Structure formats: structure tokens, C-alpha cells
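To start, the structure under review is shown below, and the notes come after it.
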Amino acid sequence: REKAHNRVCDHTNARRPTIEFAITQRTSRPVATQDSSGFAFVAEVDVRWSDMDAFGHINHARMVTLMEEARIAWLLSAGEEYAPLIQSAMIVHVEIRYQSQLRHADSPLRIAMWIKGFRSVDFTIGYEIRGADAEPDSRPACVASTQMAVVDIEAHTLRRLTPTEKDYLRSWSR
């Protein structure tokens, strides 16, 4: 049953269970960017019928969820050495600008991501979202960003990015 929800919990550490996401056809399929666009990661995310609103386009709240699926696929692909950064990052701000409609027929969405910038305790992920049939260099249907703060999970306070984490973020900047 848990696999049906695309997550498996390891309860050996009762304080902080480890969550692993299985990438399936119903969620993100990571695709490595091979072009010169400068994107750090591109995920293809299927649009579900439940993502649509009464007007036939993707509902705003569901767009945030689709972005989350793409972001999780990217962060989980980073590797174990970046686990402290991934486990301690939390969203503090989301910004979305729609430039054209996206509909169910545009599935799977191509969600391209990169690091827009970082400071001592946070970083910002940029997104360009296009439909499946859109040209890679076309105007995105949606542009967005999420600001992620890093926290000390035990102390419940902000923490500074380590030099290694800054190097990782710098390598995925545009």
C-alpha cells in the first residue's frame, strides 16, 4: 500500500524517518539536460486529471504540487553527500507567474530547474515550465521560484550553508 503512494518509510530511526520516493509514470521522470540551456535538471511530470480545474487548465495549487514533484526528483538525484542539505531545506516563499495556459493535453510537463542564487542560510530554485510539445527554447508557459531556507533540525533554527553545500549550489547555477 505504501508503494501505491510512492513513498517508503524506514522507521528504524523513530525520530526522523527516512523517506524515499519511487519515480513512476504517475510522478516525475528525471531527465538529464544535455543541451546548452544551463538548466541543472529537467523533470517530466505527468498531469493527472485531478490537476485540472473547472476551466480545463491546471489548477494553481496543483501547479505548486507538480513543481514539488520535479524538485524532489532533482534533490533526490543529488546523492548521499548532499543529504544534510536536502533534509534541512524548507520552503519559505513561492512565486509563480503564468504566461500561458497549460492543459491536460500538454502532459507530461517539462519542468526545468536551476539555482537562481544563494545566501548564507537560503537558496532559490528557478523553474521554467513548458508543455510536452513546446520547443525547448520557446517562451515558458510558467516561470516560478521557491526560496528554501536551511535549518538545524534538532535546534529548530536557521543554519548556515556549508562550503560544500555552496559549491554544489554554485555548480547548478545559471
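The values are calculated or read from the model by the stated rules, or taken from the named source; none is laboratory data. Predicted, not measured: the structure shown is a model, and the values here were computed from it. In this analysis, Cβ positions are derived from the backbone assuming ideal geometry, glycine residues included, and neighbour counts consider all displayed protein chains. Just so you know, the surface numbers come from the protein's heavy atoms only, side chains and all, with ligands and any DNA or RNA stripped out. Shrake-Rupley method; radii C 1.70, N 1.55, O 1.52, S 1.80 Å.
Here Ala43 fits the description: within 30 Å of Ser120 (Cβ to Cβ), open to solvent by less than 30 Å² (accessible area, probe 1.4 Å) and in contact with a strand residue (DSSP E or B) (Cβ under 6 Å, 6 or more places away or on another chain).
Determine, yes or no, whether Arg97 is out of contact with any helix residue (DSSP H, G or I) (no Cβ under 8 Å at 6 or more places or on another chain) and either open to solvent by 50 Å² or more (accessible area, probe 1.4 Å) or closer than 30 Å to Leu161 by Cβ (or both).
Yes: the conditions hold for Arg97.
Remark: pairs (first residue in the range 67-89, free of Cβ contacts under 8 Å to residues at least 12 places away in the same chain; second residue open to solvent by 40 Å² or more (accessible area, probe 1.4 Å) and of a type in the set (A, V, I, L, M); Cβ separation under 8 Å; 6+ apart in sequence or on different chains) = Ile86/Leu76. Restricting Ala105, Ala83, Ala132, Ala149 to residues that are part of a loop (DSSP other than H, G, I, E, B) and over 12 Å from the mean Cα position of the chain (by Cα) narrows the list to Ala132.
Under the condition of being buried (at least 16 other Cβ atoms within 10 Å of the Cβ), under 30 Å from Ala132 (Cβ atoms) and of a type outside the set (Gly, Ala, Ser), the residues counted in the range 144-174 number 6. Residues that are surrounded by 15 or more Cβ atoms within 10 Å (Cβ to Cβ) and among the charged types (D, E, K, R) were ranked within the range 58-87; the one that is farthest from Met148 (Cα to Cα) is Arg62.
If I go through the range 121-143 residue by residue, how many of them are aliphatic (A, V, I, L, M) and either more than 19 Å from Met67 (Cβ to Cβ) or open to solvent by less than 20 Å² (accessible area, probe 1.4 Å) (or both)? Spell out how you get there, then give the answer.
Taking the range 121-143 and keeping what is aliphatic (A, V, I, L, M), we get 121, 125, 129, 132, 134, 141, 143.
Checking which are either more than 19 Å from Met67 (Cβ to Cβ) or open to solvent by less than 20 Å² (accessible area, probe 1.4 Å) (or both) leaves us with 121, 125, 129, 141.
Number satisfying all stated conditions: 4.
Among the conditions (1) open to solvent by 50 Å² or more (accessible area, probe 1.4 Å); (2) part of a loop (DSSP other than H, G, I, E, B); (3) touching a residue at least 12 places away in the same chain (Cβ under 8 Å), Phe55 misses just one, which is (3).
Do we have any residue at all in the range 107-120 that's out of contact with any Leu (no Cβ under 9 Å at 6 or more places or on another chain) and surrounded by fewer than 15 Cβ atoms within 10 Å (Cβ to Cβ)? So far as the range 107-120 goes, no, none of its residues is out of contact with any Leu (no Cβ under 9 Å at 6 or more places or on another chain) and surrounded by fewer than 15 Cβ atoms within 10 Å (Cβ to Cβ).
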